[in-house]
1. Take K81 and tell me if it is in contact with a helix residue (DSSP H, G or I) (Cβ under 9 Å, 6 or more places away or on another chain) and closer than 23 Å to R101 by Cβ.
2. Any residue at all in the stretch 247-258 that's in contact (Cβ under 8 Å) with a residue 12 or more places away in the chain, within 16 Å of ligand 2 (Cβ to nearest atom) and crowded, with 20+ Cβ neighbours inside 10 Å?
3. In the stretch 195-211, which residue that is free of Cβ contacts under 8 Å to residues at least 40 places away in the same chain and either surrounded by 21 or more Cβ atoms within 10 Å (Cβ to Cβ) or among the hydrophobic types (A, V, I, L, M, F, W, C) (or both) is farthest from W226 (Cα to Cα)?
4. From the list S12, S56, S50, S75, which one is farther than 12 Å from H294 by Cβ, within 16 Å of ligand 2 (Cβ to nearest atom) and not aliphatic (A, V, I, L, M)?
5. Of the residues D258, D224, D248, which is in contact with a Gly (Cβ under 9 Å, 6 or more places away or on another chain), charged (D, E, K, R) and modelled with pLDDT of 95 or more?
6. Please work out which residue is surrounded by the fewest Cβ atoms within 10 Å (Cβ to Cβ), limiting yourself to the stretch 121-179 and to residues that are at positive phi and more than 12 Å from ligand 2 (Cβ to nearest atom).
7. Quick check, is L36 surrounded by 13 or more Cβ atoms within 10 Å (Cβ to Cβ) and either within 19 Å of the chain's Cα centre (by Cα) or of a type in the set (V, I, T) (or both)?
8. Going by what's in this entry, would L69 be described as within 21 Å of R52 (Cβ to Cβ), within 16 Å of ligand 2 (Cβ to nearest atom), of a type in the set (A, V, I, L, M) and touching a residue at least 12 places away in the same chain (Cβ under 8 Å)?
Amino acid sequence: MTRHFLRDDDISPAEQTAILDLAVELKKDRFQTKPLAGPQTVAVIFDKSSTRTRVSFAVGIADLGGIPLIISTASSQLGGKETASDTARVLERQVAAIVWRTYAQSGLEEMAEGTRVPVVNALSDDFHPCQLLADFLTIREHRGALAGLTVAFLGDGASNMAQSYLLAGATAGMNVRVASPAEYSPAASVVADAAARAAETGGSVTVVTDPAAAAAGADVIVTDTWVSMGKEDEKAERVKTFGGYQVDQALMARAKPDALFLHCLPADRGYEVEASVIDGPQSVIWDEAENRLHAQKALLVWLFEQNAEGAAA
Ligand code: CP
Ligand code: NVA
């Protein structure tokens, strides 16, 4: 069975640690391993806009000795013109892996079912697991171990970032708190899956509506845009509903004095976060953005190793 990375709990706690350990090694010397030498090609497909994901996958694939093939859905046959499954069967004859940023998680599942090469979720409406690897590499760099830390995500609890924090944080043995308006709570099934993971790792998951309660004593404060891609038509209503969830100095003051601030970017200063916080001393957003490169390279190397072992078995 081909290993894919469609959501944060597709990897076990030990596998998450192994990928992050590898990312640390690859960050020390970017050009030390060339599993894509040949060179082999990796398809990186975008149904939605991107700066960080596009650049970090392109650079990372090149670092690994391969060629990134960046495909915009609008100029391809995907997206209503051809199914994900048929696209997968075409691509697997020519590329080493498929990385896809899309809307529905079910599209990624269809792509993965249709192909022998690994499929990586580069953001869907439900999850952003590559971002979480980068976030956790960043937190490890600044705080050491992840297990036992308390992380509070404030804002859109039904978003890809909040839901990935629940799954990835529980996998890492963290105490994950999500604070969002009740109508933007994370999906019950995601909370249940995260709680099951947390029971294995000693972590915990808590979903609340009060941002101050979520932030109290936290080691890490995280937020994200209130208007995720695909929700632009709801902007006015969302800005009104999320108004009380802005990460400002008062909110940061409720967390530990040395709490880190993370944001996957792009950010709307003055909305989900005050400029003085995101541009202040507790913010580690530039390390976080750089770490997309190192974390995703580790993920790709790990996936190629897993799938080579699977093929040999
Ligand atoms: N954080 C992130 O995924 O950024 P991009 O949308 O620029 O890829
Ligand atoms: N939640 C955001 C993340 C962007 C990287 C979105 O989906 O637009």
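1. On the way: in contact with a helix residue (DSSP H, G or I) (Cβ under 9 Å, 6 or more places away or on another chain): no; closer than 23 Å to R101 by Cβ: yes.
So K81 fails the test.
2. Step one: list which residues in the stretch 247-258 are in contact (Cβ under 8 Å) with a residue 12 or more places away in the chain, which gives 247-249, 251-252, 254-256, 258.
So of that shortlist, the ones also within 16 Å of ligand 2 (Cβ to nearest atom) come out as 247.
When the remaining residues are screened for being crowded, with 20+ Cβ neighbours inside 10 Å, the result is 247.
Yes, that holds for at least one residue.
3. Ranking the candidates gives A199 first.
4. Values: S12 fails: within 16 Å of ligand 2 (Cβ to nearest atom); S56 fails: farther than 12 Å from H294 by Cβ; S75 fails: within 16 Å of ligand 2 (Cβ to nearest atom).
Unique residue meeting the criteria: S50.
5. Numbers: D258 fails: in contact with a Gly (Cβ under 9 Å, 6 or more places away or on another chain); D248 fails: in contact with a Gly (Cβ under 9 Å, 6 or more places away or on another chain).
Residue meeting the stated conditions: D224.
6. Of the stretch 121-179, the ones at positive phi are 123, 144, 148, 155, 173.
Retained after the next criterion (residues that are more than 12 Å from ligand 2 (Cβ to nearest atom)): 144, 148, 173.
Working: G144: 9, G148: 12, G173: 21.
Here the residue is G144.
7. Numbers: surrounded by 13 or more Cβ atoms within 10 Å (Cβ to Cβ): yes; either within 19 Å of the chain's Cα centre (by Cα) or of a type in the set (V, I, T) (or both): no.
It is false that L36 is surrounded by 13 or more Cβ atoms within 10 Å (Cβ to Cβ) and either within 19 Å of the chain's Cα centre (by Cα) or of a type in the set (V, I, T) (or both).
8. Values: within 21 Å of R52 (Cβ to Cβ): yes; within 16 Å of ligand 2 (Cβ to nearest atom): no; of a type in the set (A, V, I, L, M): yes; touching a residue at least 12 places away in the same chain (Cβ under 8 Å): yes.
When the stated conditions are applied, L69 does not pass them.
The values are calculated or read from the model by the stated rules, or taken from the named source; none is laboratory data. Quick caveat, the model's predicted, so the values are computed rather than measured. Note that each Cβ is placed from the backbone with ideal geometry, even for glycine, and that neighbours are counted across all protein chains shown.
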